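To keep things clear, I will list the structure first and then write my remarks on it.
The values are calculated or read from the model by the stated rules, or taken from the named source; none is laboratory data. All values derive from a computational prediction rather than experimental measurement. Cβ coordinates were reconstructed from backbone atoms using ideal geometry, including for glycine residues, and neighbour counts include every protein chain displayed. We work out accessible area using only protein heavy atoms, side chains counted, and drop any ligands, DNA or RNA first. Shrake-Rupley method; radii C 1.70, N 1.55, O 1.52, S 1.80 Å.
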Amino acid sequence: MDYFFFSSISQTSLTDIVVSYDIACQWSINIWARMKAYPHHLHTNSDGQKFFYFLVPKFHLPAHVLACQSTFSFNFNRHVGRTDGEAPERGWAHSNPLASSVKEMGPGSRRDTMDDHFGDWNWKKTKSMGVSLLRKIKVAVTERNDRRFLHNQFEVGLPQDSVKQWRLELDAWERDHKSLNPYQQRSKRPTQGDIRQAFPDEDVDDVNDETGPNILHADVSASVLISMGLDLEEQQHRLAGSYARLGQHVTEARKNRLQVRTNALCQKISAWIEIQHLYMPGLSIIRAKKPTTPSSTPHHSDVEKIPLYLPSAAPKESGCDPRLHKCEWQLRHAQANDTLDELRDSLRLRSYLFMDKNRFQRGQRDNTRSHSILERIARKVLMISKKYTIARAALLKLAPILGEADVNDSFPELHAKDIRGLPEADENSARGGRASEGRRVLSWIWTHLNGAARANSEEGLQDALRIEWCKSKARADRWSEEVEILLEEMRRVRAFFESRAIKWEYQSKYASSVPNPLGLVLPSEPALTQGRVAYAKNQAAQFRAMRDHCHSLWRFVDGYIQNERCRLIPPELADNEL
């Protein structure tokens, strides 16, 4: 690969070169040091005179680590438009059907057959350039205008001093990726562990407060009680999921293991309830009216349905102290953020597994193993989404009690359609059901990357706004670049057709004499000369007609770029042909 790359760029006069490679993040690390091992005529100047941008194609990028997602992304690097880097591999799809024919051929016949096939494919693409580029410019102009409008609307409501600073950071990073990356999160939002570590300090303060509810038990403070309640709530749902997955042919050993888990959980809940009654005395009366504690050998359905009556779900007559509400609010807030992080990680893992299964797994054994792993990931995603829904419901109940702001902005409702990965690699996409990258809309779980920081700290708020502003600007810039690239492609297509016509006209002038295998130019027969002249002139006329056809199709493009309401499709071309 190194030799191929250095040979390709050694003689070029280009100053800005975009290099697309599946593993460019690793391959480009010591590339200039490796160049010294090659002959001097293959060396190129990479110190200021030429600029190289190493990127990873869009299909391959989601399989890379998070650090590569921005640095090597076509979406966040300038001068590439909507290029995806996968064009060299697109031709494989139409050539795959040749395999059944060429596998029985000899080397010469195989090469001739493939040359004919690729030649026909290239000719079809050449003929369709007019309509193809017209279709692309129609989409690009619409998307450019929409993205610019959305970005401007978003920017108007932001602090202008911050926007100016973000613009400087983004420009510096686009010029040199060694600069601070504005697409990466810098602030650290609190996790459940951080919240739990902060509670002991608050409990110490409450020891000296006679009215404080946090120290009513020698070993379990109020914050520990609520934290244990959240853990027990999760164990209840996990136990329910384990029993739901039992099939018709479950073994006795597995039943016994689940019964042991059920008994242990029942004992934990009973002990926890006794301590809870110290902090929420009214619950003892409520539970006495509605007994819910199971027997010594409980059934799993009884344990799953035991109401824990955490402060968010406690009845009004329970006498819950507002500080207990505040304690659960903090833990639920961190729980919701942690759950979204877990959900994003699981969805990324699921996407990578689907990509691996679709590309590499062949045969019943490998596919069965992949299917089993994907089922486990699917169960985990379902459990995590249910956990987020419960945490959000608790926050919605606690917000009016504590006078907090509405949580719908920080934690939107999670629907089944929202649970999808960044590349959306799943069974539907494998069957062609996935929208293209340019038209795909990200789920909100990938745009709400720091809900806790947004709600709790100014630093986190600025961090979230900066990332969203950079992404919004990148979308607008890439579509603007796409319009410029398409205009240049249209110019080059017309120039290409004209150059081919000139070449064939030149061939017609010298068709009377052709070189023989020995390199000697000998006069040819008159009939053969007339045939060559006719063929060359026919080819020249054909390419000129293709040039004129493109010029006619694109005659409204300039006006359409200036004003999207202007006409783009010429009268002789129906809309359904686009």
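Would you mention how many residues in segment 80-111 are more than 30 Å from Trp479 (Cβ to Cβ) and open to solvent by 70 Å² or more (accessible area, probe 1.4 Å)?
Result for segment 80-111: 8.
Starting from segment 551-565, keep only residues that are open to solvent by 20 Å² or more (accessible area, probe 1.4 Å), then list their pairs with residues that are of a type in the set (S, T, N, Q) whose Cβ atoms are within a distance under 9 Å, requiring at least 6 positions of separation or different chains.
Listed by first residue and then by second, the contacts come to Glu564/Thr142; Glu564/Asn145.
Sort out which residues of segment 156-172 are in a helix (DSSP H, G or I), over 24 Å from the mean Cα position of the chain (by Cα) and among the aliphatic types (A, V, I, L, M), and write them in order of number.
Those that are in a helix (DSSP H, G or I), over 24 Å from the mean Cα position of the chain (by Cα) and among the aliphatic types (A, V, I, L, M): Val156, Val163, Leu168, Ala172.
With the requirement that a residue be under 13 Å from Arg379 (Cα atoms) and either open to solvent by 60 Å² or more (accessible area, probe 1.4 Å) or not in a helix (DSSP H, G or I) (or both), what does segment 228-260 give you?
Arg238, Ala244, Arg245 - these are the residues of segment 228-260 that are under 13 Å from Arg379 (Cα atoms) and either open to solvent by 60 Å² or more (accessible area, probe 1.4 Å) or not in a helix (DSSP H, G or I) (or both).
Rundown of residues vs (1) in a helix (DSSP H, G or I); (2) more than 15 Å from the chain's Cα centre (by Cα); (3) surrounded by 20 or more Cβ atoms within 10 Å (Cβ to Cβ); (4) modelled with pLDDT of 80 or more, yes/no style:
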{"residue": "His333", "(1), (2), (3), (4)": "yes, yes, yes, yes"}
{"residue": "Asn337", "(1), (2), (3), (4)": "yes, yes, yes, yes"}
{"residue": "Asp345", "(1), (2), (3), (4)": "yes, no, no, no"}
{"residue": "Arg350", "(1), (2), (3), (4)": "yes, no, yes, no"}
{"residue": "Phe354", "(1), (2), (3), (4)": "yes, no, yes, no"}
{"residue": "Asn367", "(1), (2), (3), (4)": "yes, yes, no, no"}
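Can you confirm whether segment 34-41 contains a residue that is open to solvent by 60 Å² or more (accessible area, probe 1.4 Å), closer than 29 Å to Val483 by Cα, free of Cβ contacts under 8 Å to residues at least 40 places away in the same chain and not acidic (Asp, Glu)?
Within segment 34-41 (the criterion being open to solvent by 60 Å² or more (accessible area, probe 1.4 Å), closer than 29 Å to Val483 by Cα, free of Cβ contacts under 8 Å to residues at least 40 places away in the same chain and not acidic (Asp, Glu)), the answer is no, since none of the residues qualifies.
Tell me, please, whether a residue that is in contact with an Asp or Glu (Cβ under 8 Å, 6 or more places away or on another chain) and closer than 24 Å to Tyr560 by Cβ can be found in segment 123-132.
yes
Looking at segment 42-68 only, could you name the residues that are touching a helix residue (DSSP H, G or I) at 6+ places or on another chain (Cβ under 7 Å) and either open to solvent by less than 40 Å² (accessible area, probe 1.4 Å) or closer than 20 Å to Glu484 by Cβ (or both)?
Leu42, Thr44, Ser46, Phe54, Leu55, Val56, Leu61, Pro62, His64, Cys68
Has segment 236-256 got any residue that is at pLDDT 75 or above, in contact with a Pro (Cβ under 9 Å, 6 or more places away or on another chain) and aliphatic (A, V, I, L, M)?
Checked segment 236-256: no residue is at pLDDT 75 or above, in contact with a Pro (Cβ under 9 Å, 6 or more places away or on another chain) and aliphatic (A, V, I, L, M).
Take segment 10-33 and flag every residue that is among the hydrophobic types (A, V, I, L, M, F, W, C) and surrounded by 15 or more Cβ atoms within 10 Å (Cβ to Cβ).
Selection gives Ile17, Val18, Val19, Ala24, Cys25, Trp27, Ile31.
For segment 527-547, give me each residue that is in contact with a Lys or Arg (Cβ under 9 Å, 6 or more places away or on another chain) and either aliphatic (A, V, I, L, M) or open to solvent by 70 Å² or more (accessible area, probe 1.4 Å) (or both).
The answer is Val533, Ala536, Ala540, Met546.
Among the residues of segment 124-137, write down those that are open to solvent by less than 80 Å² (accessible area, probe 1.4 Å) and either touching a strand residue (DSSP E or B) at 6+ places or on another chain (Cβ under 9 Å) or part of a helix (DSSP H, G or I) (or both).
Thr126, Met129, Gly130, Val131, Ser132, Leu133, Leu134, Ile137
Among the residues of segment 2-9, is any surrounded by 15 or more Cβ atoms within 10 Å (Cβ to Cβ) and closer than 22 Å to Leu170 by Cα?
No, the conditions are met nowhere in segment 2-9.
Using the structure shown, decide if Gln361 is of a type in the set (S, T, N, Q) and at pLDDT 75 or above.
In short, no.
Out of all the residues in segment 137-155, is one or more over 30 Å from Phe556 (Cβ atoms), of a type outside the set (S, T, N, Q) and within 30 Å of the chain's Cα centre (by Cα)?
Within segment 137-155, one or more residues are over 30 Å from Phe556 (Cβ atoms), of a type outside the set (S, T, N, Q) and within 30 Å of the chain's Cα centre (by Cα).
Could you list, in sequence order, the residues of segment 369-396 that are closer than 15 Å to Gln330 by Cα and surrounded by 17 or more Cβ atoms within 10 Å (Cβ to Cβ)?
Within segment 369-396, Tyr388, Ile390, Ala391, Arg392, Ala394, Leu395 qualify.
Let me confirm something: among Lys188, Lys103, Lys178, which residue is modelled with pLDDT under 90, within 30 Å of Asn337 (Cβ to Cβ) and of a type in the set (Lys, Arg)?
Sole residue among the options that is modelled with pLDDT under 90, within 30 Å of Asn337 (Cβ to Cβ) and of a type in the set (Lys, Arg): Lys188.
Go over the candidates Gly438, Gly460, Gly421 one by one and state the one that is surrounded by fewer than 20 Cβ atoms within 10 Å (Cβ to Cβ) and either modelled with pLDDT under 90 or assigned to a helix (DSSP H, G or I) (or both).
Step by step, each of Gly438, Gly460, Gly421 is checked, and only Gly438 is surrounded by fewer than 20 Cβ atoms within 10 Å (Cβ to Cβ) and either modelled with pLDDT under 90 or assigned to a helix (DSSP H, G or I) (or both).
Among the residues of segment 313-328, count how many are more than 18 Å from Ile275 (Cβ to Cβ) and either in contact with a Lys or Arg (Cβ under 6 Å, 6 or more places away or on another chain) or crowded, with 23+ Cβ neighbours inside 10 Å (or both).
0
If a residue has to be surrounded by fewer than 18 Cβ atoms within 10 Å (Cβ to Cβ), touching a residue at least 40 places away in the same chain (Cβ under 8 Å) and among the basic types (Lys, Arg) to count, how many in segment 139-166 make the cut?
Total meeting the criteria: 1.
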